[in-house]
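Heads up: the structure comes next, in structure tokens.
The values are calculated or read from the model by the stated rules, or taken from the named source; none is laboratory data. Not measured: the values here are computed from a predicted model. Cβ atoms come from the backbone with ideal geometry, glycine included; neighbour counts cover every protein chain shown. Please note that ligands, DNA and RNA were not included when accessible areas were found on the heavy atoms of the full protein model with its side chains. Shrake-Rupley method; radii C 1.70, N 1.55, O 1.52, S 1.80 Å.
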Amino acid sequence: MPLPARQAARGALSANVLLAVVLGYIMLLPPQFNIPIGTSVIPPYRFVLLASVFYIVGSRLRGQWRFVLPDALMLVAAVWIWVAFFVVSATFEDFFTASVAQTCDIIIPYFFARSTLRSLRDLRLFLILMAPAFAVTAAIITLESVTKTHIIQPLARSLLGVGGGYSLIDYRLGLLRAAGPFPHPILAGVVLSTLLSLYWFSGLRGWPRLVGVGAALASFFTVSSAALLALTSMIVLIIYDWLTERIANISWRLFFILFGIFVFVAELGTKSGTYSLLVRFGSLNSSSAYYRTLIWRFGKQNVEKHPWFGIGYAEWERPFWMGKSVDHYWLLQAIQVGIVPPLMYAIVIFLAFLALIRRQSSANLVDGRALRGVAIAMVVMAFAVVSVAVWLSAQVWFHLMMGLSVSMGYATYAVLRAPAPRGKYPVPVNLGNRAHAHALR
């Protein structure tokens, strides 16, 4: 039986969760709030992340979270990013600003999540407190799309007296591709879609769960191929998880076997391969799908020429008629800083996924579902950014999800109730630590 919001939030609200919520709200500010400093434009969330370094180091020194293998891999990626930009940058200013920006949007968010969201109780409190912000964001995006009018960013421009932001009028399926407070509709769609499995499996009930699920469904109004693919994938996985709890012969092991067979057949039995198939059937129009295959083809050639340190922010080689955009986050990272950092991220996600699967097998029913929800959100987003690039707050969210997945997978977990048989629904009492569980008795 899911937990009411009041019951899930019982106990003192810790500073680490409040810090995570503050970052979450600031990340949802429109780009008009970005602050110009010299030649750079700095989003407000970067100030929070830079200041949080002291908290991250302090919490680790106090032993509030364990340093594990994925953390070491992220440090390797951090060092490699700095070395790569040092090698390819023409001036010290270019090297420093690029390295700091990448560190703020990739490395620090990962360790921020590791230090602030350390248990399922922390995650549930975070989801409850973020629900109003997600609700407002989803409502704005829905209203913008249906009325075919950008609302929040023009309002921010008029109030602050600044320009910039997203103002492109683009229609799909008879709807405006709404961006809300995000720099682009794609970013809004990818971020909001990940909320579906987080809230659905969270163990919460009542308004926070309804609001979170509703916000995720509102990602439809960004009319983004990646968002719709992510949303559809999550709905399918939610239904499949529901079946695993009711039908003995259906299991996640069977799902992984079938998925492996699909990839094997797609790679060896088709000319296009897995990536081209996903792009072709996941795009809303054929021209967009074909363009993404060209990005992949010419992007790979750039990586093959500069495999170790990339080319930084320089122009990547491509036909003159192709645009600058690289609609493939993993490929973009490899082009910019070489293959090592994205390889480290992929290994971290894989290790976190294994840890989450291992933990959920020994957890009670509700906690096991919450852990599977985190795993689904992380993996689906990792696949979603195969066909799009994410930047600014969406990139931060991606790496926050990585840190959250590692925290939930590697956290010390006390089993207070044996795993429930299939089809049985005991009253959950464990929110991630014994003290909180005792308060619920």
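Miscellaneous remarks
- Some residue of the range 91-113 being charged (D, E, K, R) and buried (at least 24 other Cβ atoms within 10 Å of the Cβ): no
- Taking each residue of the range 285-297 that is in a helix (DSSP H, G or I) and looking for partners that are open to solvent by 60 Å² or more (accessible area, probe 1.4 Å) and modelled with pLDDT under 85 with beta-carbon atoms closer than 6 Å, six or more apart or interchain, yields Ala289/Arg280.
- Scanning the range 114-152 for residues that are part of a loop (DSSP other than H, G, I, E, B) and free of Cβ contacts under 8 Å to residues at least 60 places away in the same chain, we see that the one that is most open to solvent (accessible area, probe 1.4 Å) is Lys148.
- Leading residue by the ranking (nearest to Pro154 (Cα to Cα)) among those in the range 13-70 that are among the hydroxyl-bearing types (Ser, Thr, Tyr) and in a loop (DSSP other than H, G, I, E, B): Thr39
- The listed residue being modelled with pLDDT of 95 or more and among the polar types (S, T, N, Q), out of Ser225, Ser197: Ser197
- Test result for Ala418, part of a loop (DSSP other than H, G, I, E, B), at pLDDT below 95 and surrounded by fewer than 20 Cβ atoms within 10 Å (Cβ to Cβ): yes
- Filtered residue count, the range 317-340, keeping only those that are more than 20 Å from Trp80 (Cα to Cα) and either of a type outside the set (A, V, I, L, M, F, W, C) or open to solvent by 20 Å² or more (accessible area, probe 1.4 Å) (or both): 10
- Every residue from the range 319-343 that is at pLDDT 95 or above and within 11 Å of Ala389 (Cβ to Cβ): Tyr329, Trp330, Leu331, Leu332, Gln333, Ile335, Gln336
- Checked against the criterion of being surrounded by 18 or more Cβ atoms within 10 Å (Cβ to Cβ), out of contact with any Asp or Glu (no Cβ under 8 Å at 6 or more places or on another chain), more than 22 Å from Met402 (Cβ to Cβ) and of a type outside the set (Asp, Glu), the candidates Val41, Val88 yield just one match: Val88.
- Inter-residue pairs, beta-carbon under 9 Å, first touching a residue at least 60 places away in the same chain (Cβ under 8 Å) and in the range 55-74, second of a type in the set (Gly, Ala, Ser) and not in a helix (DSSP H, G or I), 6+ apart: Trp65/Ala411; Arg66/Ala411
- Checking Arg172, Arg205 one by one, the residue that is touching a Ser or Thr at 6+ places or on another chain (Cβ under 9 Å) and either of a type in the set (D, E, K, R) or touching a residue at least 24 places away in the same chain (Cβ under 8 Å) (or both) is Arg172 and no other.
- Tally, over the range 208-261, of residues that are buried (at least 23 other Cβ atoms within 10 Å of the Cβ) and not in a helix (DSSP H, G or I): 1
- Taken together, Ser224, Ser219, Ser233 contain a single residue that is in contact with a Pro (Cβ under 6 Å, 6 or more places away or on another chain) and within 30 Å of Ser288 (Cα to Cα), which is Ser224.
- Any pair with Cβ under 7 angstrom, 6 or more apart, that starts in the range 388-401 at a residue that is within 23 Å of Gly299 (Cα to Cα) and at pLDDT below 95 and ends at one that is assigned to a loop (DSSP other than H, G, I, E, B) and hydroxyl-bearing (Ser, Thr, Tyr): Ala389/Ser325
- Considering residues of the range 44-85 that are among the polar types (S, T, N, Q) and farther than 22 Å from Leu392 by Cα only, the residue least open to solvent (accessible area, probe 1.4 Å): Ser59
- Residue match in the range 351-374 (condition: under 15 Å from the mean Cα position of the chain (by Cα), surrounded by fewer than 20 Cβ atoms within 10 Å (Cβ to Cβ) and either in a helix (DSSP H, G or I) or not β-branched (Val, Ile, Thr) (or both)): yes
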